[in-house]
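Read-outs: derived from the displayed coordinates by stated rules, not from any lab. Only a predicted model underlies this, so the values are computations on that prediction, with no experimental measurement involved. A quick note on method: Cβ atoms are made from the backbone with ideal geometry, for glycine too, and the neighbour counts reach across all protein chains shown.
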Amino acid sequence: MKTSHANALQSFAHDLQWLLALRLWVQMATVWFFVWGVAILALRIRGTQDSFWLTLGLFGIVPLVLVSAIRVRRLRPEFSKIRANYDRINACGGVIMSEEAADMEAWLAQLPEAVVPKFRWHSGRAMLLLSVSAIFAATTLLLPERLARFSAHRSLEIGQIVRQLQAEVKTLAQEKIVNDKKADDLQRQLSQLQKDAFGYDPDKTWEALDHIKQSDSDAAKEAAEEALTKTESLTKAETLAKAMQQAADAGMNEMTASQAAQDLASMLSAAKLEDGILNSQIPPELLAGLNGLNKEQMEKLLQALELNKNSLGMTVSNLANLKMIDPAMLAKLLNAGQGYNPGALADYLSTCTNGGDDLVLSWLDHPGKGGPGGGGPAADMTWNDGASEKDLKFQEHALPPSSHLDDAQLVGVSKAAPELSGNDVSAQHGALDHAVASGGSAHAQIILPEQRQAVQNFFKREN
Amino acid sequence: MPDTILKPEELQPAAELVRKTLEQLDRILLGRKELHRLVLIGVLSRGHVLLEGLPGLGKTALVKTIGQILKLDFKRIQFTPDLMPGDVLGTHILQETSSGKRELLFQPGPVFTNILLADEINRASPKTQSAMLETMQENCVTLLGTTRALPQPFFVLASQNPIELEGTYPLPEAQLDRFLFRVMFENVDADVLDQIISERRRGELPAPTWQMERDQLEMLFQTMGKIYLPHPVSRYIARLVSATHPGGAEATEPVNKYVSYGASPRAAIAIAEAARGNALVAGRPSVGFEDVKIVAQPVLNHRLILNYQARFDRMTPSKLVTELLGQLDETGLNLPKDVELAKA
């Protein structure tokens, strides 16, 4: 017949098993909800929107009940340990534990009243985690479709790059570097790219944008190089035209004027201003009558040359503002023809009497050399005054001979370490001060006054 | 496993004797009920007890009173640095017999008694202290190849003064281990002192009104042998002693940090015996976990050898044992940390 303690002990064992099973189920359910939520999210992103099939995962927690119950049953504590705990909690003094060895019925009456010990499960953290994972799973299930697919169809943010490229294409079109049809095609491509750019697969978008940017950049670079060449030619022509104007006033002879006009004509012809991407315009009536231009026509020619130069400079400046070309290229363009001096050329032309020779073109090709007073444009630069070496030479001083070495005498050559005589030499400074320069003295310890007596006694005893 | 477990009617006479003994002790020596209980447990466990406390706290009085109540022979040795082993154990004296023949006769020392009070035991030289080793463990004395048994029961109740350390010889670990308990004598409170002043003029102790007969004492020892030690409790004792060893499976962090050597198997036996004694004093036929917890402190507090780090951190064996008792799960049920067991 079961006693009340026996019943209480059985209840205690059942309570423990139920609690451990519940605790394990909560842990497993937490993990399950989390895994289920991640799976729902992944499936919905991939396009599965059938809520019925997704909701079926909820039934996964049912087998978990069975799994946790079986697992707890397998791992249940030994009954003797449960009995020992019951004995301890009820202060039975080992009587209940002794029941496994002998009949203790006679003692049961003296025990305290049977009370089933209670378990206190601090479940706050476990329940919080379970709630969080369940809410996560529910949220993934109830998430609107547009949000679920948001990340898959999120557009790629390329607005700024597209705007910059559109501005570049617009500039290239305005400067006639690309024709209007190609510019329209590029603008259309950019708009389409912006519309089709999604974060799911950004590589194609980036490749297309890189291609357009490279093509813009190549066109701009080609235009800039052409502008530089034409600007240099225009500057040379302008220099010669100004020199001719000034030389005519100074009384340049007719033969020289004719030769200079021919040179100017061949120079403008060689420049091919009307060809290429950036075609310039010189009034044809001026080009046709270069040999006999009056003062007013020469002014018009100079204005036309200046205008074309400025136009080219403005174009390159616009390209540089959009960072389509290297700033160094713009600087090179602005500095083109800086070395030319029309006044010096005018002087040369006015002094030239033999008329036609090729020196004018050579003069323009070698700016800064020589000059009319120094032997012609091809002459090298010279210095009239040689540099003086006065007061620049170092004074030589003979060093006095070493007096100490003079007094030194060779007494012999040592083959081994030198040996000291009876008069030991003391070191003068430093850590070895007062140390005798013989074997081992560097390791000598200083004997403090209070130690002296003990040291003396030690040596006395040894004697 | 025992053949039988004591029935209530079998245990009751022994419990009554224990009750009367404690009653006499509490009546004669005031204000130390717990201490009397521990010393009586030591006697019931046939163990030796080391009493440690300041002078004048009643160590000698306690031992004398126990001797009177138990009607046992009682002798006292005041240990001094010049005390020799022969002064304790006895010596051979050359004597002439009636027949005129001379022979060496053994003159027993004060150790041949039932209760030996070794007063200020740490004042004797290690040589003399060591002379006590055989008597305490084997209950016999061997001199000149002859082994003589000591009268039974034999208890050594030794005292130590913890403040006068100059000129003393600390007891070696081997000898400390032979003491079942090391019991600390604490000061009594003002009420008890007031009672002592009022009722104990010149410190004279009242005579016991009841004394235990030898056969009754023998019956108590027999009853002690029948107190049942359940397996979970013996397992707990084993785990507890094992946990005092640094690096043990259940050793706590302070044990690993501060203990050089843990308690010996003799300590485990001592805890088991003392727990039986506590169960008998409580009138129970079996040992529970609480019995172990009560006796673990006096059994273990002189058996743990601590390292220098413990000295620096002012860690004592008592603190370590208290901490160990608090942390070690008695039953080894190993419930999860977030599950707690409580009485309803």
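General remarks:
- Local net charge near B:Thr142, Cβ-Cβ under 12 Å (Lys/Arg +1, Asp/Glu -1): -1
- For segment A:159-233, the list of chymotrypsin sites (Phe, Trp or Tyr not before Pro) that fall in a loop by DSSP and count at most 16 other C-beta atoms within 10 angstrom reads A:Tyr200.
- Computed as a quarter of the hull surface, the mean projected area of the alpha carbon convex hull for segment A:32-126 stands at 9.6 nm².
- Listed from fewest to most Cβ neighbours within 10 Å, the set B:Tyr258, B:Tyr236 follows the order B:Tyr258, B:Tyr236.
- Taken over the alpha carbons of segment B:262-326 as equal point scatterers, the Debye sum produces base-10 log I(q)/I(0) values at 0.12, 0.15, 0.16 Å⁻¹ of -0.34, -0.50, -0.55.
- Rounded to 5, the percent of DSSP beta bridges in chain B classed as antiparallel: 40
- Dividing the convex hull volume of the alpha-carbon atoms in segment A:195-281 by its residue count gives 103 Å³ per residue.
- Three-way shape label, segment B:181-263, alpha-carbon gyration tensor, a/c 1.5: oblate
- Segment B:118-197: C-alpha pair distances exceeding 15 Å, %: 66
- Using the Cβ-Cβ distance between B:Asp82 and B:Ser234 with R0 set to 30 Å, the FRET efficiency from 1/(1 + (r/R0)^6) comes to roughly 0.10.
- Space enclosed by the convex hull of the alpha-carbon atoms of segment A:148-261, per residue, Å³: 101
- Chain B, helix-only ellipticity at 222 nm - DSSP H runs n ≥ 4, -39,500 (n - 2.57), divided by all residues, nearest 500: -13500 deg cm²/dmol
- Loop-resident sites, segment B:89-128, for trypsin sites (Lys or Arg not before Pro), counting at most 14 other Cβ within 10 Å (DSSP): B:Lys101
- Each Lys or Arg adds one and each Asp or Glu subtracts one; over the other residues with Cβ under 10 Å from the Cβ of A:Ala223, this totals -3.
- Farthest toward positive dipole pole in segment B:36-167 [+1 Lys/Arg, -1 Asp/Glu at C-beta], among B:Gly53, B:Asn114, B:Met132: B:Asn114
- Note on chain B: Rg/Rh from C-alpha atoms, Kirkwood Rh, equals 1.00.
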